[in-house]
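A quick write-up on the structure given underneath.
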Amino acid sequence: MEAFTTHRGILAPLDRANVDTDQIIPKQFLKSIKRTGFGPSAFFDWRYTLEGKPNPEFELNEPRYEQRSLLVTRNNFGCGSSREHAVWSLAQDGYKVIIAPYRGEGNDRVPGFADIFKNNCSKNGVVTVELSEEEVEEIFQAVYGEEGLEASLDLEAQVLTLHTSAGETTFSFEYDPSVKNKLLLGLDDIEESLQYLDDITGFETSHDTYIHPVEA
């Protein structure tokens, strides 16, 4: 996995809450046994007309967002089934960062992202940024108000910055330290385990792994 330290790019809006994984990548695209080629199918039912042409009413099809690599959306993004294909499609469609708001507190808290989707993102090099609803609304208004608006994310500092014509606006966010470290080093779960290959091999060679039958 490629290491993630900082990223700057065009920010695009998807002003919808509760976007589930079937909307991100519909079920008919889950038949492939490969992990490539999913990018053009992201948001398929919204992205294309019944004739298979780009839908001009879908906001992400606007020319101003053609080169986007950051996405701002509403709460509970990535809910539904646990399919990792949803993250593959977004990553392969060019998204490096996804921003969503949490709502409420305590038992009434609605997260910015569904847990499994969020975990799948970190395993595929996509950074999820969770901010307050007020902060995300401010980001939406900035995107709508300025064509080609760019934003940058510094994962080490845990800061998202909007680069507007009027100046820079920054937002701080929380991030799991262990997940952050793996992203900074570019380690997926397997690569993390391979760091301890000598210890694993040593343990296996020094222990009797044979399961002896129990005598009656």
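Please treat every number below as a calculation from the coordinates, not as lab data. Small disclaimer: the values here were computed from a predicted structure and weren't measured. Note that each Cβ is placed from the backbone with ideal geometry, even for glycine, and that neighbours are counted across all protein chains shown.
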key: Helix 197-206 vs. the chain, principal-axis angle (Cα, 0 to 90°, nearest 10)   = 20
note = Log entry: pair-distance distribution for the chain, C-alpha pairs binned every 5 Å from zero, whole % per bin is 1, 6, 13, 17, 18, 15, 10, 6, 4, 3, 2, 2, 1, 1, 0, 0, 0
query = Quick one: Karplus J couplings for the range 53-59, per residue in order, coefficients 6.51, -1.76, 1.60, θ = phi - 60°, nearest Hz, x for Gly and Pro?
reply = 9, x, 7, x, 8, 7, 4
Extent along principal axes [Cα atoms of the range 9-137; Å; largest to smallest] = 44, 33, 26
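Over the range 4-115, what is the mean sequence separation of C-alpha contacts under 8 Å (at least six apart), divided by residue count, expressed as relative contact order in percent? Numbers along the way, then the final one.
Details: 194 pairs, mean separation 39.8, N = 112.
So the answer I get is 36 percent.
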ask   = If you plug each phi of the range 28-41 into the Karplus form 6.51 cos²θ - 1.76 cosθ + 1.60 with θ = phi - 60°, what whole-Hz ³J(HN,Hα) values come out, in order, with x for Gly and Pro?
value = 5, 9, 8, 6, 5, 8, 8, 9, 10, x, 8, x, x, 9
remark   = Spelling it out for GLY186: with amide H atoms placed in the peptide plane at 1.01 Å from N, the residues 5 or more places away or on another chain with amide H under 5 Å from its amide H are PHE4
inquiry  = Given contacts defined as C-alpha pairs under 8 Å and at least six residues apart, what's the relative contact order of the chain, whole-number percent?
reply    = 24
key: Sorted by Cβ neighbour density within 10 Å, fewest at the top, the residues LEU90, LEU187   = LEU187, LEU90
message = Give me the Å³ per residue figure for the convex hull around the C-alpha atoms of the range 19-67.
response = 95
Ranking of ILE33, ILE99, ILE139 by count of other Cβ atoms within 10 Å, fewest first = ILE33, ILE139, ILE99
query = With axes computed from alpha carbons, what is the tilt in degrees of helix 133-145 against the longest principal axis of the chain, rounded to the nearest 10 within 0 to 90?
reply = 50
key: Span from the the range 39-77 Cα centroid across to the the range 136-161 one, whole angstrom   = 19
ask   = Between GLU62 and SER32, what FRET efficiency comes out of the Förster formula 1/(1 + (r/R0)^6) with R0 = 35 Å and r the beta carbon distance, rounded to 0.05?
value = 0.75
